[in-house]
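Heads up, the thing below is written out as structure tokens.
The values are calculated or read from the model by the stated rules, or taken from the named source; none is laboratory data. The shown structure was predicted, so the numbers you read here are calculated from the model rather than taken from an experiment. Here the Cβ is made from the backbone with ideal geometry for all residues, glycine too, and neighbour counts use every protein chain on show.
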Amino acid sequence: MIELIRTYWVYFLIGQYPQGPLGGVAATVLLAALALLLAMPIGLLMGLARTSSIAAVRRPVTVIAYLIRGIPLLLMVFWIYFYLPTVTGHKTDQFSTMLIALVVFDGVYLGEIVRAGIQGVPKGQYEAARALGLGHGRAMRRVILPQALRSMLPSLVNQFVSTIKATSLGYIIGLTEASFIATQINSQVFVHPTAVYLLLSLMYFILCFGLSRVALVIERRQARRGLPRPARSPGSPTATAAANA
């Protein structure tokens, strides 16, 4: 394995970049980070809509959330990659396809995290803000959401972990993320598949376990400060999607 790392470590980390597109571990992390970042506004809006007292706002968003959560992520990738170009007239590349799919799924599950975070704030906080003359929007923005977001931090880190693992589905459409690069390396050396895929597993473990420990540290610090327990989404969107695929 040492010889394998010594020979292919640059290729495994960044793919053919700068002679070609960015790939490998760098593409995996970049894709997951961009997906989570772009999904945050969607998740925030969906979380607010899911906690709205207006049925005309809450119910359609709830239906959308359940619909997307019931579709495997791989199927969403196929729809975007093969069907979307027939509608828009423009073919989406592998990176854009995977990014759109992850943003949609992360947006829905971040919405559930936001909803749980808002519901985890004591109702007295909202009532006190209203009693002080704040409108609904200002009460949410200045009182409720800052408290909810602090309790959501561990769950956001865990969502990032799930997104990193889900990027491996990009292999199906030829995205040069870590799994695809590992397969290419294996096709070149051919006689060391165990070492190649053990290295890939080790990479995922280091990334995901490290982030999981960060989430645990944040959760423990919040517990010591007496903050509400972290809001948790009902299951992992990406892990569930990968399993269903």
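Quick notes on this one:
- Only listed residue being farther than 30 Å from Ala223 by Cβ, surrounded by 16 or more Cβ atoms within 10 Å (Cβ to Cβ) and among the polar types (S, T, N, Q), chosen from Gln94, Gln159, Gln147: Gln94
Yes/no matrix, rows are residues, columns are (1) under 22 Å from Val114 (Cβ atoms); (2) touching an Asp or Glu at 6+ places or on another chain (Cβ under 9 Å); (3) at pLDDT 90 or above; (4) surrounded by fewer than 17 Cβ atoms within 10 Å (Cβ to Cβ):
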position: Leu153; (1), (2), (3), (4): yes, yes, no, no
position: Ser179; (1), (2), (3), (4): no, no, yes, no
position: Leu202; (1), (2), (3), (4): no, no, yes, yes
position: Cys208; (1), (2), (3), (4): no, no, yes, yes
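- Only residues that are touching a helix residue (DSSP H, G or I) at 6+ places or on another chain (Cβ under 8 Å) and not in a helix (DSSP H, G or I) were counted in region 72-105, giving 3.
- All conditions but one from (1) in a helix (DSSP H, G or I); (2) modelled with pLDDT under 90 apply to Pro18; the one that does not is (1).
- Test: Pro41 is surrounded by fewer than 14 Cβ atoms within 10 Å (Cβ to Cβ), assigned to a helix (DSSP H, G or I) and over 20 Å from the mean Cα position of the chain (by Cα): no
- Across region 21-30, a minimum of one residue is classified as of a type outside the set (Lys, Arg), part of a helix (DSSP H, G or I) and without any contact (Cβ under 8 Å) to a residue 40 or more places away in the chain.
- Val63 in a helix (DSSP H, G or I) and over 16 Å from the mean Cα position of the chain (by Cα): yes
- Any chance Thr28 is touching a strand residue (DSSP E or B) at 6+ places or on another chain (Cβ under 9 Å) and crowded, with 18+ Cβ neighbours inside 10 Å: yes
- Residue, nearest to Leu145 (Cα to Cα), within region 47-91, restricted to residues that are of a type in the set (S, T, N, Q) and loosely packed, with under 11 Cβ neighbours inside 10 Å: Ser53
- Exclusive hit being assigned to a loop (DSSP other than H, G, I, E, B) and either within 20 Å of the chain's Cα centre (by Cα) or of a type outside the set (Val, Ile, Thr) (or both), set Leu175, Leu169: Leu175
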